[in-house]
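Just so it is clear, none of the values below were taken in a lab; they were calculated from the coordinates. Computed from a prediction, not measured in an experiment: that's the story for all the values here. All Cβ positions, even for glycine, are placed from backbone atoms using ideal geometry, and neighbour counts span all protein chains on display.
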Amino acid sequence: MPVEVRLPTVLRAAAAGQASVKAQGATIGEVLGDLTSTYPEMAGQVLAPDGGLHRFVNVYVNDDDVRYLDKLDTKVGEDDVVSILPAVAGG
């Protein structure tokens, strides 16, 4: 089942300028795997070399941060919206 994945400006170039794309999967890990398979230029920006989430990326299912859910094992359904946001730091 496809879910909508909203992309930040920095990742849109890898997706032909699209602000959102569809990706397949029942979990965040599967969705991100499909996304980076379709758009390989995103792989290093979204996933770390160990296969986990890149530490400078935040991923949300609807409004919930997956770091506080089941991380890559977080379940998604066809009505869910996955948002990828660059982490912001400062002080």
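Note down the Stokes-Einstein diffusion coefficient of the chain in µm²/s, whole number, using a Kirkwood radius over alpha carbon pairs, 37 °C, and 0.692 mPa s.
D, rounded to a whole number, is 254 µm²/s.
Suppose each label sits 7 Å from its Cα in the direction of the beta carbon; what would the ARG6-ALA43 distance come out to in nanometres?
2.8 nm
Amide H neighbours of THR27 under 5 Å, counting only residues 5+ apart in sequence or on other chains, H built in-plane at 1.01 Å?
VAL76
Sorting ILE28, ILE84 on the 10 Å Cβ count, fewest up front, what's the list?
The order, fewest Cβ neighbours first, is ILE84, ILE28.
Over the chain, with a Gaussian network built from C-alpha contacts below 10 Å, which listed residue (ALA26, ALA16, ALA48) shows the highest mean-square fluctuation?
Checking each option, the largest mean-square fluctuation is seen for ALA16.
Counting Lys and Arg as +1 and Asp and Glu as -1, what is the net charge of the other residues whose Cβ lies under 15 Å from the Cβ of MET1?
-4
So which trypsin sites (Lys or Arg not before Pro) in the chain pass both tests, a DSSP loop state and at most 11 other Cβ atoms within 10 Å of the Cβ?
ARG55
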